[in-house]
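The values are calculated or read from the model by the stated rules, or taken from the named source; none is laboratory data. Not measured: the values here are computed from a predicted model. Here Cβ is always computed from backbone atoms with ideal geometry, including for glycine, and neighbour counts include all displayed protein chains. What goes into the accessible areas is simple: the full protein's heavy atoms, side chains included, and nothing from ligands, DNA or RNA. Shrake-Rupley method; radii C 1.70, N 1.55, O 1.52, S 1.80 Å.
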Amino acid sequence: MLSVKEIAEALGAEWHGDGTLMVNGAAEPASARTDQLAVALTKGFQAQLGQGAAKVALLPTGVDWTQFALEAAIQAPRGRLAMAQLTATLAPNPVPPGVHPTAVLHPTAEISETAAIGAFVSIGAGASIGHGCQIAEGCRIGANVRLGQGCILHPNVVLGADGFSFVTATPAHVEVARTSMGQEAPPQMDDPTWHKIHSLGGVVIGDNVEIGANSTVDAGTIRPTQIGNGTKIDNLVQVGHNAVIGDHVLLCAQAGVAGSTVVGDRTVIGGKAGLADNITVGEDVVIGGGSVVLSNVPDGRVMLGYPAVKMTTHVESYKALRRLPRLLARLAGQKSGSQAPKD
Amino acid sequence: MLSVKEIAEALGAEWHGDGTLMVNGAAEPASARTDQLAVALTKGFQAQLGQGAAKVALLPTGVDWTQFALEAAIQAPRGRLAMAQLTATLAPNPVPPGVHPTAVLHPTAEISETAAIGAFVSIGAGASIGHGCQIAEGCRIGANVRLGQGCILHPNVVLGADGFSFVTATPAHVEVARTSMGQEAPPQMDDPTWHKIHSLGGVVIGDNVEIGANSTVDAGTIRPTQIGNGTKIDNLVQVGHNAVIGDHVLLCAQAGVAGSTVVGDRTVIGGKAGLADNITVGEDVVIGGGSVVLSNVPDGRVMLGYPAVKMTTHVESYKALRRLPRLLARLAGQKSGSQAPKD
Amino acid sequence: MLSVKEIAEALGAEWHGDGTLMVNGAAEPASARTDQLAVALTKGFQAQLGQGAAKVALLPTGVDWTQFALEAAIQAPRGRLAMAQLTATLAPNPVPPGVHPTAVLHPTAEISETAAIGAFVSIGAGASIGHGCQIAEGCRIGANVRLGQGCILHPNVVLGADGFSFVTATPAHVEVARTSMGQEAPPQMDDPTWHKIHSLGGVVIGDNVEIGANSTVDAGTIRPTQIGNGTKIDNLVQVGHNAVIGDHVLLCAQAGVAGSTVVGDRTVIGGKAGLADNITVGEDVVIGGGSVVLSNVPDGRVMLGYPAVKMTTHVESYKALRRLPRLLARLAGQKSGSQAPKD
């Protein structure tokens, strides 16, 4: 239980009304109990304040809190930032440090005494886990994977499995197709066996990196796959071997970065987006959800589509495509000598 | 071993010929042994009946079973429904209730005595598992995740991990890009740190929900992420924080639903389809495989494409696009004064 | 530690200079230590040879090694093949045979004595694991899954979970939409319950198959899902029930193959590509990354797009689409009587 005043101070926010009101958790306005803080950062949620029982609400700065039947209000200029601070205040204590008795650690792995290692975790030879890391249940940390300080791995993450790197003795069709643009027939191959290029390079992960459930980061070939400081990775994301991901990057759910691709600092990769192998995506880039990037992207660009192009180009093409069926109908009319429809 | 008559009765189907024939499992016609039921619901499979050794077949209603060299036939009007009933009849007994000795359960978790909890499962504080649930090996059930009755979780499912919700102190490029349509340069940021909005809301899952291997459902922020009764989720699917999935929904493999999105009852989301965050998809909607939905969808709509539009609109644009190269060639001819090619 | 001569002989490659130089690992040229082999198969990496300390480099055949400040060189005609051989030479010894004490094996499972079974692996009834297989931590091998010889499963792979196969008592909207092309309204359904078609068929996997972390292969309905010899599957890939994948196929990360689809020998499916259910993709096909295949594909075809078409057709349409906005602007000008812009 915290008072309105205590929460506002933790948020660095202003407060109004009865600062001594005690608060026990947060809720959406319509379902908030009398002891909960109603989170009403949008007009839609503010309209629901009458439906719940909350006596205090979190509102944006500038809204007149006295129009609602409240006894107090906390007001913050940047709502989601206030949510980050509020939920941190209300979150249960982090997992206490220590290694769960079911975890299987290689004797050469170095685990910080302040790290928390969950049930059924396995950690391989030569791995290291930094100060304050939280490794949830079922994570698989392979040989020579190094995590910095304060990293959070959600359940069943796999770090440092072998990269997907295979080669045939003579050129395979997929190699020919890349250069011939699909024009050449498949080559005759005496031996279609895929020979494995082993992954000897491990993974190096910076500080304060968070990786979502069931995501995978493969080991590099002869140097480590790298993930920079402060980067956040969602669930079911794939990062291929030799990839170099910068600092403060976001990789949303089910995104994929293929082998040896470089992603610059502060770039945001939307959900389900894919980056081809061996390309460089600059800093401060935004890749829209579901887009597929096949070539280098300069700094600061906003990209959409398949293949991804500048957002403005994509929108222009897309709008033109929607007008195209009517155009074709009109041209068909002209060609046959009939009148163009009046449109 | 069941007789033809017993199987037909379990299926509510008609049978013909020797109802006393004993059957030990089902197979495709060409590989069926003499004691197996040949499943021949299509003309293709019926044509293979002569290649196998089955004495009895499952056929659609209305087919003349005597044209095949069979001693008996079971005939049902809706083939796949009959397959559901047949395979249920032949399936091995479900996992017996009980908790595998390797499972790690938080002392505050409530597990029904009729639930079956597999090896290496972990269940967090305040979680509850209803009557008859089957939780397969390696599933991770986080704090405050509630499952109703009769749910099936396939291996390595992760429920209730933290949502992917981060915010910077000042607006990041991805925020600017959404409003400026990619026209503005990245903002100067003194501090690119992503602050985490913690997930305090847990997950609530209804009755008879099935979730496929390695799928993930994140916890909500201040209210639970919800999945309705009878909904079925395939492998490698992501459901984001605060999402509300209705009853009897299908989410096919590798689909993704981003945070705070609502999906109505009986809607079917195809494989690899993605739904953006904070949108509402209505009831009885069908989203084609690989489509990306970026805005609200009304009830009953069939959607395709990137971004997803009405299926008819998508097909029209797509056909026009295929005709476009020829059109451009013709117009280039007109423009240069040459004759339009006769096409 | 191996000598230059020993490595060259293991690679079947030529060597020059001091064959007695001892090598301890490989590295990229700029970061190579004096005892490491610098891998410099491209001009870019060759330009970095001066920045590191390596005395010996791996170079392509035909490059004049004496132009670099090296004491020896190994030269191979096909660089990535040499990398396969080199990394195999340098790789740590494979996991020793044996079953980790934490693994949970069904008493009816047959495990080769030469197989290596990692921590927290579970293996179901009637499963069999062939000679020399390596099953990494947390893999889930279901009932009646059979692996041939020399297979490698990376962590948290799930084989043999139930297929995603459900049917309603009367036709659902998704069935109607397929035949009506989205033109018909959702049918009235008295009962929207999805009835499960159980998966009784297991999985059969050939020899020398490798499957990446967190990938899933579902059990077949009444016959096994099949994966052929020498096929390699990347991370987070889904293979649906009844699928038949040929020999020496590559399935790149996050690809998906829906139920009952057939993939021919030596076909390569790019990252994030999806194959619809019940289609046949031929031999030696290449499906570009992110493409979605909705219908059969003949042998040898290179396919791109959504829906996937011949690469040449896709590129032609794509180029035309990029020219379309300008065309529309020109036609709008003609229509209004103004001059067409000179472009």
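Against the condition within 23 Å of B:Q238 (Cβ to Cβ) and open to solvent by 10 Å² or more (accessible area, probe 1.4 Å), how does A:G271 come out, does it pass?
Values: within 23 Å of B:Q238 (Cβ to Cβ): yes; open to solvent by 10 Å² or more (accessible area, probe 1.4 Å): yes.
So A:G271 fits the description; yes.
Among what's in the stretch B:130-154 and is over 25 Å from A:P94 (Cβ atoms) and of a type in the set (A, V, I, L, M), pick the residue that is most open to solvent (accessible area, probe 1.4 Å).
Residues of the stretch B:130-154 over 25 Å from A:P94 (Cβ atoms): B:130-137, B:147-154.
Next, from what is left, pick out any that are of a type in the set (A, V, I, L, M): B:135-136, B:147, B:152-153.
Working: B:I135: 4, B:A136: 21, B:L147: 9, B:I152: 39, B:L153: 3 Å².
Looking at the filtered set, the residue picked out is B:I152.
Pull up the stretch A:162-179, narrow it to residues that are hydroxyl-bearing (S, T, Y) and open to solvent by 20 Å² or more (accessible area, probe 1.4 Å), then point me to the one that is modelled with the highest pLDDT. Working first, answer last.
First, pick out the residues of the stretch A:162-179 that are hydroxyl-bearing (S, T, Y): A:165, A:168, A:170, A:179.
Imposing the further condition that a residue be open to solvent by 20 Å² or more (accessible area, probe 1.4 Å) reduces the set to A:170, A:179.
Values: A:T170: 93, A:T179: 82.
Of everything passing the filter in the stretch A:162-179, A:T170 is modelled with the highest pLDDT.
Does C:E316 satisfy being open to solvent by 20 Å² or more (accessible area, probe 1.4 Å) and in contact with a Pro (Cβ under 6 Å, 6 or more places away or on another chain)?
Details: open to solvent by 20 Å² or more (accessible area, probe 1.4 Å): yes; in contact with a Pro (Cβ under 6 Å, 6 or more places away or on another chain): yes.
Here the answer is yes, as C:E316 does meet what is asked.
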Residue pairs qualifying under the 6 Å Cβ cut-off, at least six apart or on distinct chains, with the first in the stretch A:177-188 being within 7 Å of another protein chain (Cβ to nearest Cβ) and the second being hydrophobic (A, V, I, L, M, F, W, C) and surrounded by 13 or more Cβ atoms within 10 Å (Cβ to Cβ), are A:A177/C:V286; A:A177/C:V302; A:G182/C:V302; A:G182/C:M311
Quick one: count up the residues across the stretch A:69-88 that are open to solvent by less than 50 Å² (accessible area, probe 1.4 Å) and touching a residue at least 24 places away in the same chain (Cβ under 8 Å). 11
Quick one: how many residues across the stretch C:13-49 are among the charged types (D, E, K, R), open to solvent by less than 50 Å² (accessible area, probe 1.4 Å) and more than 11 Å from every other protein chain (Cβ to nearest Cβ)? 1
What's the number of the only condition in (1) more than 11 Å from every other protein chain (Cβ to nearest Cβ); (2) open to solvent by less than 70 Å² (accessible area, probe 1.4 Å) that B:T66 fails to meet? (2)
Evaluation of C:Y318 against (1) within 19 Å of the chain's Cα centre (by Cα); (2) farther than 30 Å from A:S215 by Cβ; (3) hydroxyl-bearing (S, T, Y) (one fails), failing number: (1)
Tell me yes or no: at least one residue of the stretch A:186-195 is of a type outside the set (F, W, Y), in contact with a strand residue (DSSP E or B) (Cβ under 7 Å, 6 or more places away or on another chain) and modelled with pLDDT of 95 or more. yes
Among the residues of the stretch A:189-215, which ones are open to solvent by 40 Å² or more (accessible area, probe 1.4 Å), touching a residue at least 24 places away in the same chain (Cβ under 8 Å), at the interface with another protein chain (Cβ under 9 Å from one of its Cβ atoms) and out of contact with any Leu (no Cβ under 8 Å at 6 or more places or on another chain)? A:T193, A:N208
Residues of the stretch C:261-311 being touching a His at 6+ places or on another chain (Cβ under 7 Å) and within 14 Å of B:G290 (Cβ to Cβ), which ones? C:L304, C:G305
Please indicate, with yes or no, whether at least one residue in the stretch B:102-116 is touching a Lys or Arg at 6+ places or on another chain (Cβ under 8 Å), within 8 Å of another protein chain (Cβ to nearest Cβ) and in a loop (DSSP other than H, G, I, E, B). no
The conditions are (1) surrounded by fewer than 19 Cβ atoms within 10 Å (Cβ to Cβ); (2) free of Cβ contacts under 8 Å to residues at least 40 places away in the same chain, and C:G118 fails exactly one of them. Which is it? (1)
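Would you say B:T261 is of a type outside the set (A, V, I, L, M), open to solvent by less than 10 Å² (accessible area, probe 1.4 Å) and within 12 Å of the chain's Cα centre (by Cα)?
Details: of a type outside the set (A, V, I, L, M): yes; open to solvent by less than 10 Å² (accessible area, probe 1.4 Å): yes; within 12 Å of the chain's Cα centre (by Cα): no.
No.
Residue-by-condition table, conditions (1) within 24 Å of A:I141 (Cβ to Cβ); (2) out of contact with any Phe, Trp or Tyr (no Cβ under 9 Å at 6 or more places or on another chain); (3) of a type in the set (S, T, N, Q):
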{"residue": "C:A76", "(1), (2), (3)": "no, yes, no"}
{"residue": "C:T87", "(1), (2), (3)": "yes, yes, yes"}
{"residue": "C:A91", "(1), (2), (3)": "yes, yes, no"}
{"residue": "C:P96", "(1), (2), (3)": "yes, yes, no"}
{"residue": "C:E113", "(1), (2), (3)": "no, yes, no"}
{"residue": "C:I117", "(1), (2), (3)": "yes, yes, no"}
{"residue": "C:A136", "(1), (2), (3)": "yes, yes, no"}
